[in-house]
Structures are given as structure tokens and as C-alpha cells.
Amino acid sequence: MKRFLLAAAAIGGLFTGVTAQHVHHPGCGTHLNVALENDDFVTDFAAFNAYVQQYAQQAESRSGELRIMPVVVHVIHDGGASNISDATINTMITKMNQAYNRNAPNIGTLPQRFDTIATDAKIEFRLAAKDPLGNCTNGIRRIYSPHKSKDAYDDKKHKSLSYWDRAKYLNIWITRNIKDPSETSAGQILGYCLFPGTAPALRDGATIAYQAMTTNAVAAHEIGHHLNLIHVWGDQICGDDQVDDTPIARDVNFAWANPCDTLIKEATCYENVIDNYRDSLLRYGIGENYQNYMDYVNNYNCPNMFTKGQVDRMNATLEFYPFRKNVVTEANVIAAGVNDGAPACTNLIPVAEFWAENPITCPGSSVSFKDGSFNGTPASYEWTFEGGTPATSTVANPTVTYANPGTYSVTLKVSNANGEFTTRTKQNVVFILNDVVESKPWGYYEGFESGQYWDQGRWTVVNDQTENGKQWKIGPDNIAYSGFYSIKMDNFGNTRDNNSALISPPLDLDAIQGGSKVFKFKVAYALRTNEEFYYDMNLQMFMPVVNDRLTLSRSTNCGATWSTVKNFTRTEILSGGLSPESFNPTDLNLWKELSVNLSGASGSGSDVRFKLEFTSGGDVNNNLFIDDIIISTSTAAVSIDEATVENLEFKVYPNPVTDNAQITFTLPEAASKANIGVYDITGRFVANVFTGELPSGSQNFTLNRSELGVGGVYFVRMDLNGKSFTEKIIVQ
């Protein structure tokens, strides 16, 4: 049974406080009950708890010398306020040291009843002065990644952008914000940290939202988890935090109105029995320990203590796990350059980093670049701009003009008097959109076939640090609703929130004749699972299945800003049911049509670009295909000369052809010269279907299987007034 070690404190009387109610508030994303879903963690948890009991029995004989822990802070930022200053980081380190050395600014408010169990952990955190290669560092790394800095929960892989060996440094990642993918309410997470038992090496450390990093408690709380401390309520009602001298807490203490006060909050987990003096004293005279760093409160500047039992647990962690133990060894502290008396490491060599502040624009416009180099102030810059004017620059924050559409790379070299240049090259970092406006009275069509806008290089794919080619690209041959090709969002095994945008050439919507306009396209998409959770083999825990997202938006200022036209739901885009394997829509039944009314301002403008933006829900979702994009009106006029296969609704069915098939299409006007024939894959003429004149309206012809010969790939070609239309068929 958990014991509370009664302090020799003066208890002036009994006080009944307000019982805390659990409500959703900002808090920590580390929970014991989730970790216990991992069988390996359960085994480690039991072994470690047994070790703590032995360790605590010997704790009195230890000298309790100060241990120094080298720290590296990785700032994963969006170029704005989340790129916090060195001074702010130093403030966070100061707050951490105050917490672990019993020196919080408000330590004087600690009630006397807790004073004798609060203690100094004697752990000091120091920003590393030597990096893993022995070079001078200020212990701070800065990586521009607006995508991974946002909603930075663990499967976003923001940690893979910058990491140092956990056996030598404490890794802390600072991000714009943190969001659990399973969270649907308005709550937010201020930080999280994996328990050491089964933490994968490359993910081991604390992630903290930048707006919370300088409070008294948030960083200290997360480092507590790093050292195997559990929330004081044990992550369940009246749970066990495996520490004897913390009072049993019912739940989080967000609702407690006086977290900075000395008032007693009734500890309702203890029996309210008049003849049970011990429990009555614990309940009314001592109360819950809301001053503890491992609680949740509504003001994170109020906590100010760890207990002796918690310190024993932290110390045991630094002995039990070899990768934790090595961090605080004298040899490692010296190697990291943070030992007492170590000479200052002042010859810092800058590390190149940069970003484009407006990376999407049109030919003739300027792109502004921002130097984000860190670890020392550069004395010289050498920029190289593919396709830009100027092609090079030596200023810190240059402005560059691009004359031609395309996707371009940029290289930055920086140096100072302390060493050689460091170089950073970013591929596909500038996106110059096509600016030749299409103006057609019937509307616009894209089927991703030869000769169309995609084939002409007039669409633009914009990615935000996509991984392993997970982006929009032409799909496999013959995977299409019509023709030979469609465009595929390669999403099988993707990373959560990985983003890829498909931007159209500029279109003159005002030129389209007829009534209200629509944006239509064919989509094929399947699910890999219908379950709400899946077991992640890498993380060894259950994770929520997060929906993929597809958004249609439009811009009238060359991609500088976008307005949302439609957010498609999973149900709307779902056409192919379940497909546990990588999905390819090999049958027309696996496609569906989506149509969006372009009402009001959405349907007007003489220079409009549309964007189909795909955001991945994670690695248990599937591929998405799009074909036959049409922007038109139901009454828009179209001539045969301007028509497409889609306009004519040219179809052969059933396809594959096993018996006689039907050829159907609709003519907007009469065709004085019409010829319909079948050709094999080499282009050899096989059979004639029709030759002559055709009136406007619906047409229907029979294709005789007996005239086609052996099975294989064939093409039905229709020539109308000198213009050809082709439909592929499979003959069996």
C-alpha cells in the first residue's frame, strides 16, 4: 500500500477545500495508462519499480553530489515567433535548474506541511558547449520547418530533423504547438516526453510548445517524465504514482482555484472516517500536493517542489538505464564541455540555415530569403539561386527575381573567422507558377494525358518537406478513369500531416459562358482499416487512425493567399472501400465523381488558380487518385474542335470487353465527317465501326467482339471533322 510520510509540520486545524473536477485544459501529453499498453514497457516498469525500492533503502548513505546534465535544444520553427531567442532558451534552462535545485522563485509560498518532504534533486542542466564531433556549440539548433513545427505530436517526425545521441545529451525540442491526432476538442498540449523504459533512441527527449517553455513548471514537468516520474494522480482516479511520500490525488487539479496559495485542498481519496485519525489528517489537514511539479494546475508558474521519494526515483533512473547513467558521468560532462572549470568555447562556427518568406509566386516577381543560420554569427554569405536574378548574393537576406515558371533550388554557405564555410542546399524550395491565362468559353479540362496542361508543365506541385516521394505525381500507366493516366497522391505509408499541393495554371473564369459554374473531378480512394486505432509496430503502442484531408481552394493573386472552397470529408472521397494493400483503382467501379458549385466570388475572376491540397492522416491510410478535372457550366457551349473525351462523354462499356460492347458519346454539333475504328497497340487498323455523317446529340454503336481477334490492348479511335478522340479497351 502506498504510504504518505507524515511531516513533522504544524497542523493548525482542519480545512475542507473544494473537490477538483476533471475538465479538459492545457496539459502534458505523457500518460502512464497509454504507456502500459506496451507489453515491453510493462515488463520494464515492474523491474524498475523493484529497483527503486532497493535504491531508496540505500539513499541515505549516498553523498548526493551535484550531477550535471548536458542539454541540446532543437528549435523546430516556422520562421515567426516560434523561432525563440537564445535568451528565452536560457530562461527555460534557468527555470529547470531552479526546479531541480529547490530554488523556484515562489519557494517561499510552499506550505509548512510539505516543507520537510520537499527536497533538492541536485541535478543541474547546462547547454552543451561541445557537439558530438567535439566542435564548439552553444547547445542550440534551429531548423526551419513550418509544417513539422505545427501540431508536433510524435508521429510527425519533427525529432528526425535534429537529434543528438541520448546517451550523451538531454534532447529538448521546441515547437510552435503540439496536438494529439486523436484530440477533437479545443484543448492543447504544452509538452510531452517518453518514459525511458521503452523510448526509441531517436525519439527520446522532451517536446515543449514554445509559449509554455519559460513557465516555472512545464519544462521541469516534462523532464520529470524523462527521469521516470509519473503524474501525482497516477493517470487514473486516485491512482498510484509509485512514490510513497506524495499524497494520493484524485485527479488533475485544473479546477482548483488557488494553485499559488497555501490553502489545503481536501484529499478525497482518503477515507472520511472520524475514528481514522491518519486518513482524516491526510484528507483534511494535509490535502493534495498541488504544489508538486508533476501535477496539472491552472497556473504553471505556481508549482515549486519535488518530494524526497520523487528524487529517489529520479536518482534510480540515472543508475538503472545505461543511456541515462552515461549522460551524467564525469567523462561525458567533460566531453560535452560543461564540467566545472571548463574553458569557454567561444570559437563558434555558424551552421547554415534559411528559408523563403514567399516561396510561391509568378514570373517577374521577387522572392525574399531569410538567413536563419545558428551557432554563431556569420561574417560572410554565399548564396546561389538556381534560375534567379541575381544568380548569387553575399548579403544576409537577399531578394531574388525569377523570370520563368519552374521549381528551383537554393544554396547558402556561411562562415566567420572561426572556421570553414558550412553549406545548406534546399531542393524545390521556390515555386514560380505558370502565368499564361487560359480563356475558353466552354471551360477547362485536365485528364493528365499527352498534350494537356500537365503534360505542358503548367501545373505546379508544392511540397512541404515530403518524405520518400510522398507527393502528387502521375500514377502508373493505365490507372485512370479515362485515357491512360491520372494523378496519384502516393499516401501508402505516409507521415501524419505530410502535405502536398497541386496548383492549376491560371484560368479566366469570367470567360466561361452559361450559368453557375462547377468544379468536377473523378476521385478514387480506399481505406486500409475501418478501426479507430491501430497498433504501431515501431512505437509498440496503439495509435489513433487519423483521417486524410483533401481541400480545394483558390487564389487570385498568384498563390500569395488562398481561400478555401471546399473541405472534402473522408466519406465524400471514399470510392474504393477497404484495401489493406497499396490501392490502385483498376476498375471504373472504384471511381466516383465529386462536384463543387462555384457560387458567387468562387466562380468569378479573370486570373484564378485552383489548388487541390492533400494532407496525410498517417501511415495506415491509402493512396488517392484524381482524373478528369472539369471547370464549366451545365449550359456552357462547346464545339467539336474544343471538345475533349470528357466533354463528349465518350465511353466503351463493358471494359474489359468479353462480348459485344457499346460505344456511346454525345455530339454538341453535327459532324460532317465521322469515322470510328479499332486499332491494336502497334497502331494497326483492326476493325471499322462507322463511317459517315452524324447529327448532334446522343450516339450509340455496337462493337463486335468477333471482329477484334486475339485478346489484348486495343484503342477505339473516333475522328470527328478532323479531330481525333481515343479510348483504350482491354479485349479478353
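The values are calculated or read from the model by the stated rules, or taken from the named source; none is laboratory data. Source: prediction; values computed, not measured. Cβ atoms come from the backbone with ideal geometry, glycine included; neighbour counts cover every protein chain shown.
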Expected single match for over 20 Å from MET69 (Cα atoms) and among the aliphatic types (A, V, I, L, M) among VAL395, VAL327, VAL333, VAL338 is VAL395
* Asked: Quick one: is ASP241 in contact with a His (Cβ under 9 Å, 6 or more places away or on another chain), under 15 Å from PHE306 (Cβ atoms) and charged (D, E, K, R)?
  -> yes
Subset of segment 436-448, residues crowded, with 21+ Cβ neighbours inside 10 Å and in a loop (DSSP other than H, G, I, E, B), comes to TRP442, GLY447, PHE448
Only one of (1) part of a strand (DSSP E or B); (2) under 27 Å from ASN589 (Cβ atoms) does not apply to THR691, and that is (2)
If we keep only residues of segment 319-339 that are under 32 Å from the mean Cα position of the chain (by Cα) and among the hydrophobic types (A, V, I, L, M, F, W, C), then the residue surrounded by the fewest Cβ atoms within 10 Å (Cβ to Cβ) is PHE323
- [ ] For THR586, state whether it is in contact (Cβ under 8 Å) with a residue 24 or more places away in the chain, surrounded by fewer than 21 Cβ atoms within 10 Å (Cβ to Cβ) and more than 19 Å from ALA524 (Cα to Cα).
- [x] no
Condition (residue is closer than 24 Å to ASP628 by Cα and of a type outside the set (Lys, Arg)) applied to segment 682-692: is it met by at least one residue?
no
When TYR534 is run through (1) farther than 30 Å from LYS159 by Cβ; (2) surrounded by fewer than 19 Cβ atoms within 10 Å (Cβ to Cβ); (3) touching a strand residue (DSSP E or B) at 6+ places or on another chain (Cβ under 8 Å); (4) in contact (Cβ under 8 Å) with a residue 24 or more places away in the chain, the failure sits at (1)
Do we have GLY406 as within 19 Å of ASP607 (Cα to Cα) and free of Cβ contacts under 8 Å to residues at least 40 places away in the same chain here? yes
Listed by first then second residue, the pairs whose first member lies in segment 242-262 and is free of Cβ contacts under 8 Å to residues at least 40 places away in the same chain and in the same structural domain as SER280 (by TED's automatic domain parsing), whose partner is surrounded by fewer than 19 Cβ atoms within 10 Å (Cβ to Cβ) and not aliphatic (A, V, I, L, M), with beta carbons under 7 Å and at least 6 positions apart or on separate chains, are none
Residue pairs within 6 Å by beta carbon, gap of at least six or interchain, first lying in segment 572-583 and farther than 7 Å from LEU527 by Cα, second of a type in the set (S, T, N, Q), listed first then second, are PHE583/ASN622; PHE583/ASN623
Some residue of segment 203-221 being more than 29 Å from PRO105 (Cβ to Cβ) and modelled with pLDDT of 90 or more: yes
Residue pairs qualifying under the 9 Å Cβ cut-off, at least six apart or on distinct chains, with the first in segment 419-446 being within 17 Å of ALA643 (Cβ to Cβ) and the second being aromatic (Phe, Trp, Tyr) and part of a strand (DSSP E or B), are GLU438/TYR444; GLU446/PHE521
Of the residues in segment 340-372 that are under 30 Å from the mean Cα position of the chain (by Cα) and without any contact (Cβ under 8 Å) to a residue 60 or more places away in the chain, the one that is surrounded by the most Cβ atoms within 10 Å (Cβ to Cβ) is PHE369
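Yes/no matrix, rows are residues, columns are (1) assigned to a loop (DSSP other than H, G, I, E, B); (2) modelled with pLDDT under 80:
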site	(1), (2)
SER639	yes, yes
GLU646	no, yes
ASP659	yes, no
GLY683	yes, yes
Subset of segment 159-175, residues modelled with pLDDT under 95 and either surrounded by 18 or more Cβ atoms within 10 Å (Cβ to Cβ) or closer than 18 Å to MET92 by Cβ (or both), comes to LYS159
